[in-house]
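Where a number appears in this text, it was derived from the coordinates with a stated rule and is not lab data. Everything numeric here is computed off the predicted structure, so don't read it as measured data. Note that each Cβ is placed from the backbone with ideal geometry, even for glycine, and that neighbours are counted across all protein chains shown.
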Amino acid sequence: MEYVIQTEGLTKIFRDFWGNQRVVAVDKLDLEIRPHEVYGMLGPNGSGKSTTIKVLLGLLFPTRGWAKVLGQAPGEVKTNARIGYLPEESYLYPFLNARETLHFYGRLFGLSTAERKRRIDSLLDMVGLNSVARRPLGEYSKGMTRRIGLAQALINDPDLLILDEPTSGLDPIGTRQIKDLVRELGQRGKTVLMCSHLLADVEDVCDRICILYGGKKQAEGAVDELLVHSDMTQIRSGRLTDQAIDKIKEIIASECDDQQVSVEVPRDRLENYFLQVVAQAQIAQVETSGAIMGTGVSDFLSRAEESADESTVVLEQLVKGREEIVSSTTAEREDVATTSVSDQEQAARDDTLAALIEVKPQSLPSSSNEFAPAQEQTTVPVEPNNLVEQKDGGSLVDRSVIDSLVTDTDKREKKPPKDDSSTDNQEG
Amino acid sequence: MRPVIAIARNLIVEIFRMRVLLAFIILIITSYTVFFWWWLAGNEGLADEKVKTFLSYSLSLCAHVLSFLTIFISIATIARDIKRKEIFTITTKPVSRIRYLLGKILGLLVLNLVLLGLSGFLIYGLARSLQRTEPTTAAERNRMRELVFVARKSVQPVMPDITQQVLEIVEARVKRKIKEQPEYYRHNPVVVKQMRETLIKDNTKRIINAQRTVEPGKSILWHFTGIEPLDREKGYVFIRFQQEVSGEPPDAKVINQWLLGPRNPLEHGGRYVEPQREAVRTVHEFPIPVTEVSPEGDLFVVYNNSTSNRGTTITFPLKTGMELLYVVGGFEGNFFRTILMIYLRLLFLSVLGLAAGAWMSFPVAVLFALVIFIMGLTSGFLIDALRMEAGEIQRSIAGTVLQILPQFSTYDPVPHIEKGRVVSSELVRQCLIFLILIKGGLIALAGYLIFRFRELARVIV
């Protein structure tokens with residue numbers, strides 16, 4: 001199957017009671033979403049994102065054009081068995097509690113009782129609702145219902161996940177979890193269609209995006225391609241002395257117009273700081289009646305079987321590495337909660353916190369070091385010249401500038417030069 | 001099948017959590033036991049009449065309350081799923097729309113089974129309790145056993161075919177009229193047609209009345225056939241009658257004299273029944289030993305209008321005036337079939353409610369379903385009125401519409417069991433075929449097609 005989702009000339013016109021055309025919600029939309037892709041659909045309110053999703057799910061019928069999902073017409077029962085859908089609001093039964101809700105949706109997929117229980121336990125842990133799983137959803141906050149909505153979308157271990165405004169109404173923890181999950185699922189070979197008007201969310205997780213306006217596709221492409229400033233270069237490093245900065249400026253000035261050189265001390269993002277504080281509170285077992293930070297992605301969410309190409313193998317290895325971190329992290333967290341804290345344990349606890357927060361994939365260049373511990377960094381934009389692309393698909397680096405810096409630093413501080421991998425780690 | 005069961009189960013959980021079941025049980029217990037028990041205790045009258053009233057009241061109340069409940073729940077469950085968009089997360093799972101509807105119907109069936117079952121047990125228990133506590137004499141106990149806790153079949157007397165007689169009279173009258181104004185009637189054939197219809201109607205009524213009317217000092221012979229009592233050796237068959245009179249007799253009572261036998265008593269002699277002075281316009285019943293029925297199932301009954309009635313002409317109205325009842329089964333089977341027929345009605349209403357809720361908003365769907373339901377309840381009266389009063393065109397149009405409607409009055413078992421009459425398997429079968437399979441099936445098909453091809457979401461831009 002070449003495309004998981006494909007539309008051609010998809011048009012949806014809303015007519016009034018008398019059949020008069022009132023609104024063209026989607027206008028001749030062509031979409032081609034490949035397997036294992038995390039695809040973002042962006043657009044302002046009323047741009048046709050949700051309408052497109054509803055057509056893809058068979059909840060609306062196209063006025064013109066056609067759509068195929070997993071090779072079938074939208075709404076086919078067999079196709080639906082492979083889809084997970086999180087609507088723009090979690091439309092769930094308020095009289096059921098979280099566990100009953102997941103049992104209900106599990107039954108719709110024909111899952112056996114044992115399998116349902118296993119998946120539900122895992123999903124409730126994942127979305128951090130295990131402690132409130134017996135409360136009716138009618139008593140949940142909006143963010144908590146979004147979490148259980150997400151869990152129901154994953155109960156069938158879907159091949160295609162369709163998320164409509166997934167982070168709407170979620171607190172920063174939930175937002176981060178959803179983004180982590182989408183990234184993780186993408187790395188496991190799932191196809192994700194994510195629709196949002198929150199640009200940062202889409203930017204953080206999507207491989208490709210399209211931007212809709214007035215029901216029409218205005219732009220489409222890989223996030224890297226659309227967002228890269230190909231006429232600038234950004235260099236990051238550890239703390240530098242003023243002299244070193246001056247020398248760098250001199251070197252850059254010799255290469256390009258020094259008016260464009262800026263040196264800044266970066267700061268951490270509020271999101272990271274917030275998550276750090278909450279994680280500490282959770283480790284300290286502060287009581288809460290709300291949701292807590294969930295565990296890692298549920299084990300039952302399988303990898304796509306078709307992924308045999310090289311890129312997928314690399315992704316598999318990356319995910320495997322992360323799973324090891326997550327599993328060791330969980331074990332360490334339990335230790336922290338049950339024993340007195342020594343220095344070594346304190347160090348392990350710090351690692352735990354970092355691991356709980358750190359999940360940024362290697363392939364995303366934008367704000368790529370946002371998960372690193374807060375430290376001073378030097379940012380030096382330069383003119384594009386002699387640029388080389390990093391292996392990890394990250395930002396373009398001026399080789400000559402790096403060489404100069406390394407040579408100069410060696411001479412001054414007698415320290416070994418940083419290799420590529422250390423750079424990768426810092427960015428990852 | 002799992003998704004169907006899951007949806008059904010979810011509906012039942014919803015109803016339980018909404019406390020509907022609790023409210024229903026409290027209402028039923030209150031109305032049956034507290035209110036009616038108290039009313040019965042304070043009411044003086046025949047024990048069997050009390051039990052008849054109890055059965056009629058409680059079963060009708062149960063059937064109507066559950067009917068309304070079914071209409072509301074069946075519409076709410078689907079209309080609310082659509083309005084609150086919970087249906088988005090169901091129909092995007094591997095659940096076809098037909099399975100979604102089947103799940104809802106299954107849920108309603110189980111729910112009604114529970115509610116109706118509970119009510120049925122309660123009503124049966126209370127009725128049997130009344131049977132033990134209310135009669136004060138052996139005669140009352142016998143009456144209760146023979147008139148209430150029994151399943152009796154009814155036969156009407158054989159009446160001569162009057163069609164030819166009516167037509168001859170009508171044609172003679174029409175010819176005479178045309179002869180009086182030949183030009184007028186030649187140019188107005190519709191008037192002739194209407195005149196003929198009116199004459200047929202009037203003369204039919206007149207001749208039937210004449211056949212069922214007894215002048216003072218005269219007798220009338222009734223012939224019942226096809227009587228097949230359960231026990232041909234012992235027990236009774238029952239004559240049930242009601243009388244209209246010309247002129248008001250003293251204290252509105254007349255003396256009734258009966259002679260009966262397996263052959264025409266006027267020719268072969270028969271058994272006299274002790275004359276009784278009984279109120280007119282009231283339904284009366286008296287037993288006849290089953291041995292008076294011939295082995296072929298015939299019974300002849302002669303009624304004599306006594307000269308003591310002082311010139312009062314007595315008429316036995318059509319339908320309720322004269323019938324014979326005989327035992328064909330027990331109360332338990334009859335009660336079960338009664339509950340079954342109520343259950344079939346609830347099944348029909350479930351289908352109607354779901355079909356309406358599948359394409360209308362909740363208030364509109366409720367209005368629609370209630371109109372259908374109430375027209376169905378009164379369909380018998382409407383059809384009779386049309387038959388008696390309306391012209392041919394009105395009759396054909398309105399009659400067709402009424403025939404399409406569910407005829408709940410035709411398939412209402414309560415009047416049968418209340419009078420100790422059998423709710424026959426044939427009636428249950430007809431209810432199943434006409435009400436459920438044909439009419440319910442058509443409504444279900446229409447509802448499914450609309451639901452299958454409608455957009456469940458709305459375009460919001």
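What's the Kirkwood radius of the range B:86-223 in Å, using all Cα pairs?
23.1 Å
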Chain B: translational diffusion in µm²/s, Stokes-Einstein, Kirkwood Rh over Cα pairs, 25 °C, 0.890 mPa s: 95 µm²/s
The range B:326-456: relative contact order in percent, alpha carbon pairs under 8 Å with at least 6 residues between: 41 percent
Over the range B:223-349, equivalent-ellipsoid semi-axes from the Cα gyration tensor in Å: 31, 22, 11
B:422, B:366 arranged by Cβ crowding within 10 Å, fewest neighbours leading: B:366, B:422
Distance (nanometres) between label positions extended 7 Å along Cα→Cβ at residue A:250 and residue B:458: 7.1 nm
Degrees between helix B:441-453 axis and first principal axis of chain B (Cα, 0 to 90, nearest 10): 20 degrees
Overall form of the range A:110-252 per C-alpha gyration tensor (a/c, 1.5; a/b vs b/c): prolate
Shape category assigned to the range A:187-272 from the gyration tensor of Cα positions, a/c cut at 1.5: prolate
On Cα atoms only, tilt of B:47-83 relative to the major axis of chain B in degrees: 30 degrees
Order of B:52, B:193, B:179 under a 10 Å beta carbon neighbour criterion, fewest first: B:179, B:193, B:52
Calculated FRET value between residue A:13 and residue B:110, using beta carbons and R₀ = 45 Å, to 0.05: 0.60
Mean Cα-pair separation over length for chain B, i.e. relative contact order, pairs under 8 Å, 6 or more apart, %: 22 percent
q = 0.32 Å⁻¹: log10 I(q)/I(0) that the Debye formula gives for the range B:163-213, counting C-alpha atoms only: -1.18
Links that overshoot a 25 Å alpha carbon limit, given the list B:234/B:319; B:52/B:153; A:68/B:104: B:234/B:319; A:68/B:104
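Convex hull over the Cα atoms of the range B:184-246, averaged projected area in nm²?
If you wrap the Cα atoms of the range B:184-246 in a convex hull and average its projections, you get 8.5 nm².
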D_trans [Stokes-Einstein, Kirkwood Rh over alpha-carbon pairs] for the range A:40-168, 25 °C, 0.890 mPa s, µm² s⁻¹: 159 µm²/s
Percent of Cα-Cα distances greater than 19 Å, calculated over the range A:106-182: 35 percent
Pairwise label distance in nanometres, residue A:20 with residue B:364, each label 7 Å out on the Cα-Cβ vector: 1.9 nm
The range B:418-445 versus the range B:253-276: alpha-carbon centroid distance in Å: 39 Å
Cα centroid of the range B:282-361 to Cα centroid of the range A:236-254, whole Å: 108 Å
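Just counting partner chain Cβ atoms within 10 Å, what average do the residues of peptide B:80-89 show around their Cβ?
For peptide B:80-89, the averaged partner shielding equals 5.
Checking the a/c ratio against 1.5 first, then a/b against b/c, what shape does the Cα gyration tensor give for the range B:224-277?
prolate
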Pair-distance profile P(r), taking every C-alpha pair of the range B:303-461, with 5 angstrom steps and integer %: 2, 8, 12, 14, 14, 13, 11, 8, 6, 4, 2, 2, 1, 1, 0, 0, 0, 0
Relative contact order %, the range B:24-170, counting alpha carbon pairs below 8 Å whose residues are six or more apart: 39 percent
Pairs of Cα atoms farther than 18 Å apart, the range B:296-372, %: 70 percent
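When a footprinting reagent is the concern and you count Cβ atoms within 10 Å, what order do B:418, B:248 take, fewest first? Intermediate values should be presented prior to the final figure.
Working: B:418 19, B:248 9.
Least crowded to most crowded, the residues run B:248, B:418.
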